[in-house]
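Down below is the structure, laid out as structure tokens.
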Amino acid sequence: MCSDRERVPLSQDALRRALLAPAGPYQALEVLATVGSTNTALLTAARRGAPDRTVLVAEHQSAGRGRAARSWVAPARSGLTLSVLLRPTEVPRARWGWLPLLVGVALSRTVSTVGELPAALKWPNDLLLGPHQRKAGGILAEALPASDTPTGTAPAVVVGIGLDVTLRAEELPVPGATSLALERSACTDRDLLLSALLRTLDTELRQWCEHAGDPVASGLREAYQQRCVTLGEQVRVELPRGGELTGTAGEIDTEGRLVVLSGGQRHALSAGEVTHVRRGPALPAAVW
């Protein structure tokens, strides 16, 4: 069982020894005491040509961001806040939309294995923990625009990951949130969790890249759907331009979109077309 140390700093030197080449699969790793947003900082580094597999970790984010520009702030050293710069040249850019789902699989596998907790995924980017399936983590992927990509440099995407580790009940940002500690995780050692997460992410990435990003051949689509508790639920989808769509979440299609069955029709929704997905009350069968 991992030690349950309370909010001690991450060990940058130990993480580098374990994870950087030639011993590990990553090229660069830095732990900062504080930063506005790890995604913003790493996108800036990508514009300057930072290499594939660069990792930026922050002990505290003062301007953390989630989907739809939602803010996300937590006490220093209470969780894992990191971004990973990827340049997956083996994969067509049309398949990069699978990256946040791939990271979700890696995150849920890490928490299930190391933390020994029931972990599930809510499409497209939330990690849910425990019997009540409360949110404890999130993922935000941002591609570097082609106009910002230096000449001779491969296209890049930055994937941000947040995981609440030792957050206490009075520190929860919203009702329905949780942390590893609150769910009585077998491990709240952030060094061990981070190392395990990055190694699991590497394994998932290699499998995906070996199949040129094909979500079926790589097994990614099946792995995600097995963990996605959104599927089979009656859902109410808030759309960014207003309005709602209610129906049954049927599957994740081969483009990583959520397929909602409503009024006898199939609606395939990308993450960019959705503001929020909420579980709704069971609707009469006649609706379908």
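Laboratory data are not the source of any read-out in this text; all were calculated from the coordinates shown. None of these values were measured; they are calculated from a predicted model. Cβ: placed from backbone, ideal geometry, glycine included. Neighbour counts: every protein chain shown.
Annotations
- Here the dipole of the chain is about 280 debye; that uses its Cα centre as origin and unit charges on the Cβ of Lys and Arg (positive) and Asp and Glu (negative).
- Neighbourhood charge, 13 Å Cβ-Cβ cut-off, centred on A143 and excluding it, Lys, Arg +1 and Asp, Glu -1: +2
- The chain: relative contact order as a whole-number percent, Cα under 8 Å and 6+ apart: 17 percent
- Counting charges near L82 (Lys, Arg +1; Asp, Glu -1) among other residues having Cβ under 11 Å from its Cβ returns a value of -1.
- For the chain, the residue among A23, T246, G130 whose Cα projects farthest onto the positive side of the dipole built from Cβ charges is T246.
- Rg then Dmax, both in Å and based on the Cα atoms of the chain: 18.6, 60.
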